[in-house]
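S.K.: What follows is a structure written as structure tokens; I'll ask about it next.
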Amino acid sequence: MRTWRSARGWPGALADLALPAECAGCGRAGVVLCGRCRALLCGARAWPVRPEPPPRGLPPVFAASGYRGPVRAVLLAHKERGVLPLARPLGEALAVAVRSALAPAGAGPVTAGRAGGGALLVPVPSARRAVAARGHDAMRRVTFVAAGRLRRDGLPVRALTALRQARRVADQAGLGARRRRANLSGALRVPAGCRAALGDAPVVLVDDLLTTGASLAEAARAVRAAGGRVVGAAVVAAVNL
């Protein structure tokens, strides 16, 4: 019998085995994610989203779904509770948004650039202390799932964890748009060792959630400063969709 191990370690894994699985979105017994909630999370298309006001430098953003109801519950279950099997449907939802981000005329054809790897999916990094507290890097895991899904569909893409935290930032929870922008200004960087990997490939920035757009705008600034070509951004969910 195949079992799933959560990010909470063996005590959490044993608890998962002792209790019946339930849908992370609606609580239906017997399944980690039911068909209805999967359909809400990952539809056939993504939508362009834009916070108001948009932060300076924010690229075009596409979201697979709105951040509410079962979708919100699924994102929180994966990120905060370490329900790792949810990485696959979340990655598939992100892949739908990435396709839309690569489609606009400004992106150009998705072919191998000088780095030889086609388009790049660059995740917005979480703070180290948040990753340590959760026991896993949620966005990194989802990004690699999305890249694999797109490659199976014939798109030459790869995930590149090029961004690093340049300094500590305050918790974003409860901060308004202006304070979020100030909190994140200059907070990300691309290390020298990752700059060559960017090459001339189109870069799609990826994150789990769009709120004010401050994180994606800062990520775009850092990638552009390193010589990268940002063509868009993709998120699993957006608050204003």
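S.K.: Multiply the residue separation of N240 and R164 by 0.36 nm, subtract the distance between their alpha-carbon atoms, and state the gained length in nm to one decimal. Walk me through the numbers on the way to the answer.
M.R.: Numbers: separation 76, 0.36 × 76 = 27.36 nm, distance 2.74 nm.
Once the chain is fully extended between N240 and R164, it gains 24.6 nm.
S.K.: Can I ask one more? Round to the nearest 0.05 the FRET efficiency obtained for A21 and R140 when R0 = 25 Å and r is the Cβ-Cβ distance. It would help to have the intermediate numbers written out before the result.
M.R.: Numbers: r = 25 Å, r/R0 = 0.98.
Between A21 and R140 the formula returns 0.55.
S.K.: Net charge within 14 Å of V71 by Cβ-Cβ distance, Lys/Arg positive one each and Asp/Glu negative one each, not counting V71 itself? Present the calculation step by step, with values, prior to reporting the outcome.
M.R.: Values: positive: R36, R38, R68, R72, K79; negative: E92, D208.
Charge balance in the 14 Å sphere: +3.
S.K.: Modelling each spin label as a point 7 Å along the Cα-to-Cβ direction, I'd like the R72/D153 distance in nm, to one decimal.
M.R.: Going by the 7 Å Cα→Cβ label model, 2.7 nm.
S.K.: Taking the Cα-to-Cβ direction at A127 and at A39 and moving 7 Å from each Cα, how far apart do the two end points lie in nm?
M.R.: Taking the two extended label points, one gets 4.0 nm.
Coordinate-derived values only; no laboratory data. Please read all numbers here as calculations on a predicted model, not as lab measurements. Here the Cβ is made from the backbone with ideal geometry for all residues, glycine too, and neighbour counts use every protein chain on show.
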